[in-house]
Amino acid sequence: MKNPSPASINILAALGLALAATLAVLFFAGAPPLTTLAVLFGGGLDSTASLLKTFSSFIPLFLCATALLATYAAGLWNIGVEGQITLGAVFAAGFLRLPDPAGFPPALALVLALAAAFAGGALWALVAGVLRVYGRVHEIFSGLGLNFAATGVTLWLILGPWKRAGMASLSGTDPLPEVFRLPGFAGKPASMAGLVLAVAAFALVVWLLRRTAWGLTLAAVRQNRKAARLMGLRPRRRLLEAMALCGGLAGLAGGLLVTGLYHRLIPSISGNFGYTAILAVLMVSLVPGFVPVACFFFAVLLAGAVQLPMALELDSSLSGVIQGVLVLAFLAAGRMGIGGRLGGMLGGMLGGTPPEGAEGGR
Amino acid sequence: MDVFLSHITKRYGRILANDGVTVALKPGRIHGLLGENGAGKSTLMRVLAGHVMCDGGFIEVDGVRHAGLTPGAAMGLGIGILSQDPLDFPPLAAWENFTLGGPPRTRRQARDRLAELSESLGFSLRPDDPVERFTVAERQQLELARLMDADVRLLILDEPTTGISPEQKDILFGILRDFAASQGRIVVLVTHKLPEAEELCHEVLVMRRGRLVGSFEPPYDAGLLLETMFGAEAAKAATEPEITGAAAMAAVPVREASPASRAPVLAELADAAFSDEKSALPPVSLSLRAGEVVGVAGVAGGGQELFLRGLAGLARMRGGRYVFDGTAMPGRGMAAFFTAGVHFLPASRMEEGLFPGLSLADHARLGFPGEGGDIRDLFQRRFVDRFHVPNQPTAPAASLSGGNQQRLLLSLIPDNTRLLVAESPTRGLDVASCAQVWEHLHALAARGTAVVFSSEDLDEILARSGRILVFFNRSLVADTPAAGQTVRGLGRHMTGRAVPSVAESPA
C-alpha cells in the first residue's frame, strides 16, 4: 500500500475542515445539511441546461481569476475587479451604440467592442494603479471607491443618456441587435467564444508569469520593491502594467457579459464575479493550476444557489454564506499549517505585506 | 538610587552585542556612554530599560536583583529612556501622548499637569497640537515631560542632541544637571559627541565591540578617549605625532593617489542639496574622478547615509547641480542613473538588495536580462567561478549567509559600472569575505570605476581609500586625501572636535 504524500493529506484535511464547517453552518441555519449540499452542488451539474448556466458564470469568473493572477504576482491587492468589469461592459455597450458599428461587418464590430471593453477595464484599473504608484493611495481603498463609482456610472447611463426609448428602466438599456450578440451554445446564452477567450487568456497569463522575463520581474517586484528599484527593474511601471493587464481582462469579462449573456447594459452587471474571483484565487492560494478548478467549483455553487429556493424553500443567499465559509476554512487550514502546500505561499502574501504606500514618491 | 549591571550579555544571532558588560551607576551622577556605531551602547541601555531581555547577567536596583526587566517593570523601578527617535504617536495630540502609559487622566487633568511640568522645565508645548507638527526638540521635550511625570529616577538619553539646536541643547543639559543633582537621581547619556560628554558627564564609560573597555573621570584626555573608542590600531596611530604632507606620504601606504588627480571628472556636484522624508543635507559641492576610491566616514545619523543615496539617485535634490558624465541628473529617476552606469550597493543586503524568495539563477536573469536563455552558463562562469557564489542556482537567496549575500550582490554589479556607491560594503563580513569585496572594488577602480563607500571602521577607510569625506551633524566637514590622515584626526572630525587649522588639507 502506498503512503499518500503529505501534501495531499494536507489538502484533504483542508477539504474536511471546510466540509465540517459548512455542515455546521447548514445545521444552525435549520437546513437539512446533506440535501442542501446535494442541491447546491447538483443543481449546477444535473442537466445540460444547468451545465450551460454553470458555464455562463464560469466564463467571467475564470477571466477575472486569471486577471487577478497578474496583480497578485506583483503583490497588488486589486479588489477593484468589480469596477473594472463594469467599465468593460460600459465600453463594450458604448461602442456598440455608436452610430457607426452597423457599418462594420458584425464580427469585426464584436471584436472591436471586446477590445473597447479591455481598454475600459484597463483604464479603470490604471486609475487605481496611478493612485497607488504616484499618490501613495493603497489599491484596496481606491479599488473599493472605484467599484462604487463604476456602479454610479452604469446607473447614470441606464437612467440617463442611454435610457430606453420612451422610459428609463432599471432593467437596463435597449437590447443589442441580434448581429451584435455572440453566438451561444444551442441557443442558450453561454458563448463558446467567451470560453475560448477565457482559456486563451489563462494560458497567456500563466505563460507570461511563469516563462517570461516580465513575469520574473513582477515576482521580483513582489519580493522586494526596493531591490527592484536598485536593479533598474522599474517597479512602478511594472505595477502599472500588472494593473492594466488585470483590468483589461476583467473588462473583457464585462464585454462578454454584455455581448454574450445579457445583450444590454444592466445595473450591477458585474454580478459579484469580481469578488467571487478573489475568493476563488485565494482559496487555491494563487496556484495557477488549481484556478480553473476553483472557478468551476464556484460557478457550480452559483448555479446551485438559484435552485435552493425552488427545491428547499431556502434563501439563495445561503450559498453566499457557504462560499465564504469554504474559503475561510481553506485559508484557516492553510494558515494553521494543516494545508501546508496551499497555505505556505499565501501566508507570505497575507501576513507579509501590510498595506503600505508605494515606495519612494521621488 | 543605586543601579548595578552585572555581566550583561546579549546575542543577536551570531553577533555578540553585549559581552559580559559590568557597570555601576551611582546616585547623583551623570554618566556618559561612548563608543562607535555597533559598540553595544544602545543594546545595553535597552536591556536596562527593559526593551530587550539579556541572555546573561543581571541588573541590581537598590540591592534587589533582577534577571531581566520588562518595559513596565523598568518604569515601575523608575527607569526611563528617551530614545533617539522619540517613542510617540505622531497623529495624536501632545496631551494624548503625554497621558499614554501613565495613570488615567481626563483631558483637563492631563493638560494642567503638562502645563505645570512645561512651566517648571522651561518648555512651551502646545497641548492640543498633534505631535507630528512638533520639531524634534519639542517631541523630545514632551517625552521628557512624560518621563518626569512618571517620576523616573534613572533617565537614559540615547543621542539626545541629534537634530536639536545648540540653544535647545543648553536647555536640555541644564535640566539634566538639575535632575541628577536632586534626590540622588541618575542620568546616562549615550552619545557619539565628545564635547557633550566632556561638558556634562561626571564619568565617561567607553564601549567597543560589545565590551566595556574603559572608564574615565574628568579632566578628560580627548585623545585617550578617541583611542579607546576607535580601537587598538587607532590607539597606535594616535600615539604617533600628527604627521601631514610628504612625511605622511612616506609613512602611510597610499593607494591610487596619483591616477585620480589626472583622471577625467566623472561626476560633479555643485551646491547639491539632497533630502529624503526624514532629513535634509545642506548643499554639497565636490567632484569625483574616474578610478577614485573615496571613503566616507561619519557616525550614524551624520548625514553620510543620505549623501550616498543622493549620489546614487535615490534621494530628492532640492537644489544645486549634479552633472554625471556630462548629463544633468536632477529630476531623473533611478532608472536613468542605472542606465548611466551608477550602481548602489546597499548595506542591508537582504532588505534592499536581494529578492529573498527568488532563486540565485533568477537573480542572474534579472541582473543580466540580455543574456537570454543561457543563464546557467552565465551563472556558472560569473557567479560561481568568478565570485564564488554557492553553486546552487535553484536555492532561494534567503538561504544565503551574509558573505554569500554580498558575493551575490557583487556578481550583480555590471562590469561597465561607472560609479559604484557602496554602503558599508563589508559590514558583518568575515576577513576572507572582506578581502574578496575589496579585491573586486579595487579591480573595478583600476578599470576606471569611481568607488564611493562608507564604513563604520576608520581603519578600513584609511586603508582602502585614496580620498576621504567626513560627515558630522548632517554636513560635509572634511574632504581630504587619505594620505596623512590618522584615525585620531578622522575621529575628531566625526565627533565635531576638529580644530579648523588641522582640518582641511588643500583639495
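Things worth noting here:
- Residue-level analysis places B:THR70 outside the set of residues that are more than 29 Å from the chain's Cα centre (by Cα), assigned by TED's automatic domain parsing to the domain that holds B:GLY20 and not basic (Lys, Arg).
- Selection status of B:ARG349, within 13 Å of chain A (Cβ to nearest Cβ), among the basic types (Lys, Arg), touching a residue at least 12 places away in the same chain (Cβ under 8 Å) and buried (at least 21 other Cβ atoms within 10 Å of the Cβ): yes
- Within region A:231-246, restricting attention to residues that are surrounded by 21 or more Cβ atoms within 10 Å (Cβ to Cβ) and closer than 20 Å to B:LEU345 by Cβ, the residue that is farthest from the other protein chains (Cβ to nearest Cβ) is A:PRO235.
- In summary, strands (runs of 3 or more DSSP E) completely within region B:46-165 and bearing 2 or more residues that are in contact (Cβ under 8 Å) with a residue 60 or more places away in the chain and hydrophobic (A, V, I, L, M, F, W, C) occur at B:79-82, B:154-158.
- Condition check for B:LEU212: buried (at least 20 other Cβ atoms within 10 Å of the Cβ), under 21 Å from the mean Cα position of the chain (by Cα) and not β-branched (Val, Ile, Thr): yes
- Subset of region B:264-304 that is closer than 30 Å to B:GLY40 by Cβ and free of Cβ contacts under 8 Å to residues at least 40 places away in the same chain - its residue that is farthest from the chain's Cα centre (by Cα): B:GLU277
- Listed by first and then second residue, the pairs with beta-carbon distance under 6 Å, at least 6 apart or on different chains, first residue in region A:210-230 and at the interface with another protein chain (Cβ under 7 Å from one of its Cβ atoms), second part of a helix (DSSP H, G or I) and aromatic (Phe, Trp, Tyr), form an empty list.
- Against the test of being over 25 Å from the mean Cα position of the chain (by Cα), of a type outside the set (Val, Ile, Thr) and modelled with pLDDT of 85 or more, the options A:GLY145, A:GLY160 yield a single qualifying residue, A:GLY160.
Table: residues versus (1) crowded, with 22+ Cβ neighbours inside 10 Å; (2) farther than 25 Å from A:ALA332 by Cα; (3) in contact with a Pro (Cβ under 7 Å, 6 or more places away or on another chain).
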{"residue": "A:PRO33", "(1), (2), (3)": "no, no, no"}
{"residue": "A:THR36", "(1), (2), (3)": "yes, no, no"}
{"residue": "A:LEU45", "(1), (2), (3)": "no, yes, no"}
{"residue": "A:THR48", "(1), (2), (3)": "no, yes, no"}
{"residue": "A:LYS53", "(1), (2), (3)": "yes, yes, no"}
{"residue": "A:PHE62", "(1), (2), (3)": "yes, no, yes"}
{"residue": "A:ALA65", "(1), (2), (3)": "yes, no, no"}
{"residue": "A:LEU69", "(1), (2), (3)": "yes, no, yes"}
{"residue": "A:TYR72", "(1), (2), (3)": "yes, no, no"}
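- Within region B:305-340, the residues that satisfy the criterion of being surrounded by fewer than 22 Cβ atoms within 10 Å (Cβ to Cβ), more than 9 Å from every other protein chain (Cβ to nearest Cβ), of a type in the set (Gly, Ala, Ser) and under 27 Å from the mean Cα position of the chain (by Cα) are B:GLY319, B:GLY320.
- Members of region B:465-488 that are closer than 27 Å to B:HIS440 by Cβ, polar (S, T, N, Q) and surrounded by fewer than 22 Cβ atoms within 10 Å (Cβ to Cβ): B:THR480
- Of all the numbered requirements in (1) over 19 Å from A:PRO235 (Cα atoms); (2) without any contact (Cβ under 8 Å) to a residue 40 or more places away in the chain, B:LEU360 misses one, and that requirement is (2).
- For region A:186-198, the criterion of being in a loop (DSSP other than H, G, I, E, B) and not acidic (Asp, Glu) is satisfied by at least one residue.
- Qualifying residue in region A:243-259 (condition: closer than 30 Å to A:LEU37 by Cβ and modelled with pLDDT under 90): no
- Of all residues making up region B:158-188, the number that are farther than 19 Å from B:GLY122 by Cβ and in contact with a Pro (Cβ under 9 Å, 6 or more places away or on another chain): 3
- Of all residues in region A:66-88, at least one satisfies being closer than 30 Å to B:LEU358 by Cα, in contact (Cβ under 8 Å) with a residue 24 or more places away in the chain, part of a loop (DSSP other than H, G, I, E, B) and of a type in the set (S, T, N, Q).
- Selection from region B:353-373 of residues that are surrounded by fewer than 19 Cβ atoms within 10 Å (Cβ to Cβ) and at the interface with chain A (Cβ under 7 Å from one of its Cβ atoms): B:PRO356, B:GLY357, B:PRO369
- Conditions (1) surrounded by fewer than 20 Cβ atoms within 10 Å (Cβ to Cβ); (2) under 18 Å from the mean Cα position of the chain (by Cα): number failed by A:ALA150: (1)
- Of all the residues in region B:24-51, those that are more than 17 Å from B:LEU154 (Cα to Cα) and surrounded by fewer than 22 Cβ atoms within 10 Å (Cβ to Cβ) number 2.
- In the set A:GLY255, A:GLY260, only one residue is closer than 24 Å to A:LEU87 by Cα and within 16 Å of the chain's Cα centre (by Cα); that residue is A:GLY255.
- Residues (small (Gly, Ala, Ser) and either more than 25 Å from the chain's Cα centre (by Cα) or modelled with pLDDT of 95 or more (or both)) located in region B:36-66: B:GLY56, B:GLY57, B:GLY63
- Inside region B:122-177, residues that are buried (at least 20 other Cβ atoms within 10 Å of the Cβ) and of a type in the set (Ser, Thr, Tyr) make up a count of 2.
The values are calculated or read from the model by the stated rules, or taken from the named source; none is laboratory data. Keep in mind it's a predicted model, so treat the numbers as computed, not measured. Every residue, glycine as well, gets a Cβ built from its backbone with ideal geometry; the counts of neighbours run over all protein chains shown.
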